[in-house]
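Below is one structure, written out as structure tokens; comments come after it.
Rule-based calculations on the coordinates, nothing more; no lab input. Computed from a predicted structure; not experimentally measured. Every residue, glycine among them, receives a Cβ derived from its backbone with ideal geometry; neighbour counts consider all protein chains shown.
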Protein chains: 2
Amino acid sequence: MTDQSPPEPPPETLPRLGELGLSNFAPYLMNRIMGRYNASFREEMAEMGLTTPKARALAVLSVIEGPLIRELAVYAVVEQSTLSRALDQLAGEGLVRRATDAADSRATRVFITEPGRAVFERLWPHMAQAQARMFRGIPEAERAAFLGTLKKILTNIRKHEL
Amino acid sequence: MTDQSPPEPPPETLPRLGELGLSNFAPYLMNRIMGRYNASFREEMAEMGLTTPKARALAVLSVIEGPLIRELAVYAVVEQSTLSRALDQLAGEGLVRRATDAADSRATRVFITEPGRAVFERLWPHMAQAQARMFRGIPEAERAAFLGTLKKILTNIRKHEL
């Protein structure tokens with residue numbers, strides 16, 4: 001056979017996990033890292049009497065003014081049903097308040113209160129130090145490049161325009 | 001006052017979340033990304049009749065030969081109790097087998113079987129394509145640098161020497 005046509009490239013070249021190695025598969029590394037980060041976060045928040053959903057909600061509300069509950073669920077990466085229970089507790093403790101949206105009476109917005117802000121001020125150092133631990137020994141330029149890539153990846157895979 | 005000594009540096013300079021912005025806080029971005037990745041993965045695995053713990057266990061076992069159960073739990077990022085149930089199911093389906101460690105009769109090692117490998121071969125394209133979606137439009141050199149930073153971060157925060 002004297003077929004002179006160049007070989008067809010494979011339709012899609014997917015590396016095999018065995019060749020790649022687990023530690024070159026980005027989702028594996030990110031799940032390992034966030035599994036550890038979130039376990040430490042949960043323990044530290046528990047010592048302050050907070051759950052992860054409550055702490056994440058306070059963190060988001062400290063920087064985003066009055067989001068809709070479904071927006072807050074996306075930012076806090078908490079299921080809406082779990083978030084609703086967390087907001088019930090936070091509202092009961094006077095740390096957030098809920099208000100009907102001015103434009104849509106079926107939609108609810110959430111606001112942090114001054115006591116809520118005070119609680120966030122106590123938990124933020126834990127979050128900032130946890131991030132500092134992650135980046136220990138990693139030069140500033142490398143951190144910045146890493147954040148830049150994370151933003152591109154989030155844009156690539158997010159479902160919500162938030 | 002003519003104190004000539006240089007000013008003390010602040011004991012620890014932690015940026016505030018409001019200055020940083022949520023989207024410059026790495027754990028936030030990584031939780032957003034992995035929340036989305038893991039939700040898609042769960043849906044795709046469910047269509048194949050697998051749960052996330054079962055799929056992750058098969059993936060790890062396809063590249064790591066006969067780990068101890070506690071090592072598998074670390075690699076698969078699955079709680080040991082959840083992993084034990086997943087292994088019961090996988091063993092019942094003939095996809096893995098468990099064997100007592102030769103050196104320690106109280107320790108159990110887990111091995112993938114040939115049918116288990118065949119199932120992994122069907123699920124790997126989903127995992128590889130999910131990673132490809134994450135990195136869409138991101139140049140190879142940037143991906144490599146990103147992986148390099150992830151490995152440093154895992155070394156910084158992991159508890160296990162694995």
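At a glance:
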{"item": "Gyration tensor (alpha-carbon) shape descriptor, region A:26-144, a/c threshold 1.5", "result": "prolate"}
{"item": "Acute angle (nearest 10 degrees) that the helix B:26-47 long axis makes with the longest principal axis of chain B, alpha-carbon atoms", "result": "20 degrees"}
{"item": "For A:Q129, label point 7 Å along C-beta direction: distances to other copies, nm", "result": "4.5"}
{"item": "Helix axis angle, B:52-63 relative to chain B longest principal axis, alpha carbon, degrees", "result": "80 degrees"}
{"item": "Most mobile of A:G116, A:G35, A:G137 in a GNM of chain A (Cα contacts under 10 Å)", "result": "A:G137"}
{"item": "Mean Cβ neighbour count within 10 Å, used as a protection proxy, ranking A:55-62, A:42-49 highest first", "result": "A:55-62, A:42-49"}
{"item": "Trypsin sites (Lys or Arg not before Pro) lying in DSSP loop within region A:69-162, provided at most 10 other Cβ fall within 10 Å", "result": "A:R106, A:K159"}
{"item": "Exercise: per-residue mean of other protein chain Cβ atoms within 10 Å, A:128-140", "result": "4"}
{"item": "Signed unit charges on C-beta, dipole axis of the protein assembly as shown, positive-most listed residue A:L50, A:F111, B:G92", "result": "B:G92"}
{"item": "Gap separating the Cα centres of region A:81-103 and region B:86-162, nearest whole Å", "result": "39 Å"}
{"item": "For B:A144, net neighbour charge (Lys/Arg +1, Asp/Glu -1) across residues whose Cβ lies under 15 Å away", "result": "+1"}
{"item": "Nearest 10 degrees, 0 to 90: helix B:80-92 Cα axis against chain B principal axis", "result": "30 degrees"}
{"item": "Shielding by partners, peptide A:141-148 (average Cβ within 10 angstrom, other chains)", "result": "4"}
{"item": "Tensor-based shape of the protein assembly as shown (alpha-carbon gyration tensor, a/c under 1.5 rounded, otherwise prolate or oblate)", "result": "prolate"}
{"item": "Label geometry 7 Å along the beta-carbon vector: A:A91 inter-copy distances in nm", "result": "4.8"}
{"item": "Label spacing, shortest first and in nm, from B:E44 to its equivalents in the remaining copies (7 angstrom along Cα→Cβ)", "result": "3.2"}
{"item": "Qualifying GluC sites (Glu not before Pro) for region A:91-162 [loop in DSSP, other Cβ within 10 Å: at most 11]", "result": "A:E161"}
{"item": "Total charge dipole magnitude, region A:26-144, about the Cα centre, Cβ charges on Lys, Arg, Asp, Glu only, Debye to nearest 20", "result": "240 debye"}
{"item": "Computed helical MRE - 222 nm, chain A, DSSP H runs ≥ 4 contributing -39500 (n - 2.57), nearest 500", "result": "-19500 deg cm²/dmol"}
{"item": "Listed residues A:G18, B:H160, B:P15: farthest to the positive end of the dipole of the protein assembly as shown (Cβ charges)", "result": "B:H160"}
{"item": "Peptide-level mean, for A:155-162, of C-beta atoms on other protein chains within 10 Å", "result": "4"}
